[in-house]
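Worksheet: the structure to be examined is printed underneath.
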Amino acid sequence: MFMYLRRNKGANSFANVILWGVIFAVLIVLYAFRFELGTLKERVLSVLIPSYSWTNEKGQLIIARSNNGHFYLDATTKNNHKITFLVDTGASDIALTQEDAQKLGFNVSKLKYTQKYSTANGVSYAAPVKIDQLTIGNKRTFHNLEAHITSGGLDISLLGMTLIGSFKDFKITRDMLILSY
């Protein structure tokens with residue numbers, strides 16, 4: 001029995017040395033890639049939280065593609081209401097749903113839906129408006145944005161080129177939309 005215990009003690013010591021060596025190696029790798037791990041954290045959060053975006057030190061707002069293939073972005077109104085937009089590079093300006101227009105303070109029943117728009121679903125009418133203030137990514141605040149409020153048929157507000165075009169540059173790389181400012 002004494003020999004058996006002594007043999008296991010040696011095996012446990014060797015296993016402990018290996019375990020501590022692996023822990024030390026993992027810590028070295030984590031330290032070596034500490035800056036890249038910041039991006040990893042952002043990527044994981046973007047998978048878990050739809051419309052999650054982040055900024056980097058290069059002056060870029062990065063939006064990860066959602067699992068349905070689209071890019072979503074959260075914006076905050078001057079009243080601190082959150083609006084989730086579908087980023088649409090094919091839209092000329094910002095198209096607001098009735099609900100989101102109310103968050104921005106518009107009285108949708110008093111608007112004149114006179115502007116004709118051709119969409120993928122056919123012709124629709126909307127009320128042209130100006131958005132006083134919209135903050136995107138908790139970093140960039142935009143003022144006096146051209147937009148329109150749809151008379152219906154839109155499930156989510158669209159973020160079109162009037163806002164996207166005000167960035168210095170935008171590109172889609174793999175599964176990320178990068179807006180440079």
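Things to note:
- Taking the DSSP beta bridges with both ends in region 50-180, the antiparallel portion is around 85 percent.
- Residues His70 and Asp132, FRET efficiency given R0 of 35 Å [Cβ-Cβ distance, rounded to 0.05]: 0.85
- Computed from the Cβ-Cβ distance with R0 of 45 Å, the FRET efficiency linking Val123 to Trp20 stands at 0.05.
- The lysine pair tally for region 50-180, using Cα distances under 16 Å and a gap of 8 or more places or different chains, is 12.
- Net length available on complete extension from Asp155 to Met176 is 5.3 nm, with 0.36 nm assigned per residue and the Cα-Cα distance removed.
- Region 50-180 - convex hull of the alpha-carbon atoms, volume per residue in Å³: 103 Å³
- Between region 120-181 and region 71-118, the alpha-carbon center distance in angstrom: 8 Å
Coordinate-derived values only; no laboratory data. Keep in mind the model is a prediction, meaning the values are calculated, not measured. When we count neighbours, we look across all protein chains shown, and the Cβ atoms used for this are built from the backbone with ideal geometry, even at glycine.
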